[in-house]
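The structure appears right after this line, and notes come after that.
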Amino acid sequence: MALVIFLIYRLLGSKHSTRKTGKLSAKLETEKLKSDIVLNSIEDGVVVVDANQLIQVFNPAATLLTGWPANEAIGLDYHSVIKLVDPGGKAYTEADHPFEQAIRTNKNVRDNTAELVSKDKNNLAVNISASPLLNENKQPSGVVCIFQDVSKQRREEQRRAEFISTASHEMRTPVAAIEGYLALAMNSKVSQIDDKAKSFLIKAHASTQHLGELFQDLLTSAKAEDGRLINHPAVIEMGKYVEQLTEDLRFAAQKKGLSVEFIMGTPSEAARRPDYTKAIQPLYYAKVDPNRIREVITNLFDNAVKYTQTGKITLGVTGDEEVVQLSVRDTGNGIPAEDIPHLFQKFYRVDNSATRTIGGTGLGLYICRKIVELYKGRIWVESQPGQGSSFYINLPRLSSDEAQRVQNEVVPTVQQPSNDPSAISSNH
Ligand code: ADP
């Protein structure tokens with residue numbers, strides 16, 4: 001990507017400079033030629049858009065991917081050429097489009113779920129990387145975008161996900177039956193068994209429950225991979241939402257003797273101003289499916305309870321103009337540095353004496369990552385062994401105006417429960 005941006009600068013720079021005469025001009029011509037050769041031969045589509053949203057560069061791979069000849073595409077508004085849809089076929093809104101996001105945030109934007117709609121209306125799975133082009137004053141003056149055809153990989157992923165989802169769905173039924181019969185066998189009102197047999201059955205029951213959870217997690221992760229996860233995004237005020245969720249989750253932690261706290265703002269802000277939580281509540285709007293986000297936070301919270309013996313679990317909401325940041329912090333075992341880069345991969349579990357005795361599938365954090373990525377967010381952890389762990393989620397933040405506008409755009413089937421404290425109200 002860096003190389004492509006470098007070439008684009010040279011290409012655009014040389015366009016303006018070719019009027020100069022003499023040696024310099026010849027040198028620039030040679031540079032332009034070299035940049036042209038690279039852009040014309042790379043396999044990835046490269047599209048450059050200027051500050052007026054007009055296409056300036058459109059390499060041959062971009063033509064192959066979109067079906068638009070360069071001489072037709074160049075000079076057109078990018079909206080008529082680069083049409084994107086999500087895996088469900090729903091067209092990207094202006095705010096979702098990586099070109100728009102790169103300009104608005106002045107940051108690199110990646111999108112690994114989009115499909116590009118070609119000129120003759122065929123959809124092609126692509127990975128997109130969009131970077132702002134900056135002028136001398138470091139202001140965005142356009143966007144360079146790389147499109148990589150990943151249709152083959154996505155088809156294979158889909159086949160794999162379909163197999164896993166069918167297999168886990170089919171296997172859940174007999175496992176549920178075994179679990180039910182084991183429960184009956186352990187019930188003294190139904191069956192008479194001696195203590196030794198009962199202790200075996202308790203173990204068998206726990207393992208069957210674990211197997212049931214594993215199939216459920218497998219099914220969820222397969223759905224997340226092939227875009228079948230039920231997802232009805234709505235505008236949610238995350239401060240109220242997470243505060244309410246903390247109340248719902250509190251009991252599970254308190255049963256283990258752990259205290260639970262919810263804070264608005266960073267921990268230092270909350271410590272400096274104990275009234276911060278109540279007095280000044282910035283509104284942190286995000287467009288997410290509340291059920292999916294509940295799943296993510298509950299997963300992080302359950303882990304915090306599982307891997308913390310004493311102390312506190314703190315849920316928090318903070319952010320800046322661009323992002324809403326959710327956090328789940330604990331005072332538990334912590335995570336060794338070498339495990340952190342792998343934690344959000346499928347089936348990854350830290351291998352130590354603590355985790356060996358604590359049950360788990362290694363799929364929870366993977367599912368969390370897939371859900372967060374669905375909303376173009378990011379999830380990560382900061383932790384040290386013995387020092388507790390802090391899991392963070394950044395979601396794109398909507399201003400109150402954007403929240404209001406998006407809310408009005410939302411399809412009628414997506415409804416907020418009328419008593420939902422996080423539902424957007426018109427007086428903000
Ligand atoms: P699991 O079902 O094993 O908990 P997850 O994907 O949720 O699977 O977590 C992966 C691994 O990350 C866990 O096995 C554990 O080793 C580690 N982990 C997750 N959360 C925490 C935490 N809050 N504190 C310490 N370790 C954690």
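The values are calculated or read from the model by the stated rules, or taken from the named source; none is laboratory data. It should be emphasised that the depicted structure is a prediction, and the values quoted were computed from it without experimental measurement. Please note: Cβ atoms are built from the backbone with ideal geometry, for glycine as well, and neighbour counts cover all protein chains shown. Surface areas here come from the heavy atoms of the whole protein model, side chains and all, with no ligands, DNA or RNA. Shrake-Rupley method; radii C 1.70, N 1.55, O 1.52, S 1.80 Å.
One table, with the values for the structure above:
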| quantity | calculated |
| --- | --- |
| Meets criteria (surrounded by 11 or more Cβ atoms within 10 Å (Cβ to Cβ), assigned to a loop (DSSP other than H, G, I, E, B) and among the aliphatic types (A, V, I, L, M)) for Ile193 | yes |
| Residues that are free of Cβ contacts under 8 Å to residues at least 40 places away in the same chain, within 8 Å of the ligand (Cβ to nearest atom) and over 30 Å from Leu398 (Cα atoms), drawn from segment 322-346 | Asp339 |
| Boolean, Leu365 is away from the ligand (no atom under 11 Å from the Cβ) and buried (at least 21 other Cβ atoms within 10 Å of the Cβ) | no |
| Near pairs, Cβ below 6 angstrom, 6+ apart or cross-chain, from segment 370-381 (of a type in the set (Phe, Trp, Tyr)) to any residue that is open to solvent by less than 50 Å² (accessible area, probe 1.4 Å) | Tyr375/Val288; Tyr375/Leu395; Trp380/Tyr392 |
| Residue selected from segment 347-358 under the condition open to solvent by less than 60 Å² (accessible area, probe 1.4 Å) and assigned to a helix (DSSP H, G or I), by the criterion farthest from the ligand (Cβ to nearest atom) | Ala354 |
| Residue ID - modelled with the highest pLDDT, chosen from residues in segment 89-106 that are open to solvent by 50 Å² or more (accessible area, probe 1.4 Å) and more than 21 Å from Asn231 (Cβ to Cβ) | Ile103 |
| Some residue of segment 397-412 being under 18 Å from the mean Cα position of the chain (by Cα), within 23 Å of Thr246 (Cα to Cα) and open to solvent by 20 Å² or more (accessible area, probe 1.4 Å) | yes |
| Test set (1) at pLDDT below 75; (2) within 30 Å of the chain's Cα centre (by Cα) - Asp50 fails condition number | (1) |
| Filter result for Glu213 (loosely packed, with under 12 Cβ neighbours inside 10 Å, farther than 30 Å from Ile82 by Cα, within 38 Å of the chain's Cα centre (by Cα) and not assigned by TED's automatic domain parsing to the domain that holds Asp77) | no |
| Where Gln139 falls short, out of the listed (1) surrounded by fewer than 15 Cβ atoms within 10 Å (Cβ to Cβ); (2) within 25 Å of Pro60 (Cα to Cα) | (2) |
| All positions within segment 369-380 that are surrounded by fewer than 17 Cβ atoms within 10 Å (Cβ to Cβ) and farther than 20 Å from Tyr285 by Cα | Trp380 |
| Tabulated pairs, segment 230-252, first in a helix (DSSP H, G or I), second of a type in the set (Val, Ile, Thr), C-beta under 6 angstrom, 6+ apart or interchain | Met238/Val317; Met238/Val324; Gly239/Val317; Val242/Val317; Leu245/Ile297; Arg250/Val260; Ala252/Val305 |
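Rundown of residues vs (1) open to solvent by less than 40 Å² (accessible area, probe 1.4 Å); (2) of a type in the set (Val, Ile, Thr); (3) touching a residue at least 24 places away in the same chain (Cβ under 8 Å), yes/no style:
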site: Lys121; (1), (2), (3): no, no, no
site: Gln148; (1), (2), (3): no, no, yes
site: Ile164; (1), (2), (3): no, yes, yes
site: Ser199; (1), (2), (3): no, no, no
site: Ile202; (1), (2), (3): no, yes, no
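Conditions (1) in contact with a helix residue (DSSP H, G or I) (Cβ under 6 Å, 6 or more places away or on another chain); (2) assigned to a loop (DSSP other than H, G, I, E, B); (3) under 26 Å from Ile335 (Cα atoms); (4) more than 13 Å from the ligand (Cβ to nearest atom), marked per residue:
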| site | (1), (2), (3), (4) |
| --- | --- |
| Gly360 | no, yes, yes, no |
| Lys376 | no, yes, yes, yes |
| Ile379 | yes, no, yes, no |
| Tyr392 | no, no, yes, no |
| Asp401 | no, no, no, yes |
| Arg405 | no, no, no, yes |
